[in-house]
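What follows is one structure encoded as structure tokens, with my remarks underneath.
Rule-based calculations on the coordinates, nothing more; no lab input. Treat the numbers as computed from the prediction; the structure is a model and nothing was measured. Backbone-built Cβ (ideal geometry, glycine too); neighbour counts: all protein chains shown.
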Amino acid sequence: MVEIHDSRKTGGNVRDFLSVLFRQKWIIIAAMAATIAVIMLTVVREAPIFESYSKLLVSRGQTTTAYSSNLTLLSWEEEISSELEAIRSARIFKRAQEILDQAGVTDSTAAPVRIDPPKVSANTPGKSRVIHIVYRSTKREIVRPVVRALTQAYQEFRSNTRGQDPTEFLDDEIGRLRSEIADWERRRADFLMREGAVELPQERQNLLATRRSLEVQLAEAAADVAEREARVQWMEGGSLADPTFETAEIYPFSDPYGRGEPAIMVLRKLVFNTRAEYIEAKAQYTDNHPQVLALRERVEELEQAMTVESQAYVGYMTAQLQVGRAKAASLEASLAYLNQQLREFPDREAQLSQLDRTIESLGTTHDALVRRRADALTLRLGSLIWDVVVLQEAVAPFRVGRLDYVRLTVISIFALLVAIGLAFLFDSLDQTFREVEEVETYLRVPSLATIHRFRK
């Protein structure tokens, strides 16, 4: 078998098309099998949903003449939307649940039926006054009783509100919202009292200003401690009476920051002057001369006094050093406390922000209900009587197909087209000659004979 690429090799009829499909049939079969398997798995794993519904005709008394005071002030969309929202309200759900509990309705496991509000829907077919109350669930046996209970609860709601003040429901909701707002405001006050704050932004600014002040004070205290440590080390490093000791300026122990003549420096000058007199007298007289002896004794007394003064000054500076260190430690502790308070601010602000958002949301709802109550009071005399007629009781539950079979069919067709495309792709990559005519065309010589495959 010769395997040489021929750029002139083309297909041009149905026979060639079918031969390609037959040669690459396993690609098509595998692709379609995988697609069908995925579709079947999706269909099998899809939980069955059952639905039941009832039909209600909701109508209001109409005006008889142009001079009647009973005028319809709301549009059709507003009226029907209001009724749909009323059906999905907590009041209807609560009453329907009471009806189910009184009837003792249970599911297949003998557990009491509980209405799941998200599974309740109400709609109207087009622009009409017919309302469908729909309930869906995976439990077939509960959908019909739930629809009946919802229908009865809505009928009772409209029957009970007939002839009553339309603002009663709004008053109840406004009172409930006011109670909730008061409760959340009490929580906010308790939070602020527990945290010891009035307004967190102002408190943050105060803490930041205090921290900056403490940082400046701490830097000054650290510099003071370093200066005192250096002075103590310098004082402990030698004797002021020693001529080789550095003659840096020293402040007296009684006034370390004074600007007068230091007491220790006076003693130091006396020691140096007396020592000079002693050396001068010693050069003029003998060692046993009274003046020499007196000057020697004077030098010793001054050196002893200098030592005592130096030790007292070192003790005083050491005590001042301890005070400076204690002050720096206190400032560091205060700064650490402030930093801890500032680190806790994001959590505190988040909690306070959540409380404020809740109170603001409740306040917005409260204001909207107050406006609606005012509108209801304005329209009280013009309100009309609602009539609710059950056109169809809750129907028997039926399965709802949530799968889109049209799309599944389109997916299958698309998978077949992709598989055919892959088949032609792989076949175009196969450069094997399969027909005698292809070999004769490529070699430009006639074939004398063909040898078929031998079976082993």
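Between Y337 and Q311, the modelled label-to-label distance comes to 4.1 nm, taking each label 7 Å out from Cα in the direction of the beta carbon.
Scoring 331-339, 186-194 by mean Cβ neighbours within 10 Å over their residues and listing the highest first yields 331-339, 186-194. At an R0 of 30 angstrom, the distance between the Cβ atoms of V370 and L391 translates into a FRET efficiency of 0.25.
Which FRET efficiency, nearest 0.05, do F424 and T450 yield, Cβ-Cβ r, R0 25 Å?
Once rounded, the FRET efficiency stands at 0.40.
So if R0 is 22 Å, what FRET efficiency would V436 and R23 give, r being the distance between their Cβ atoms, rounded to the nearest 0.05? So the FRET efficiency works out to roughly 0.80.
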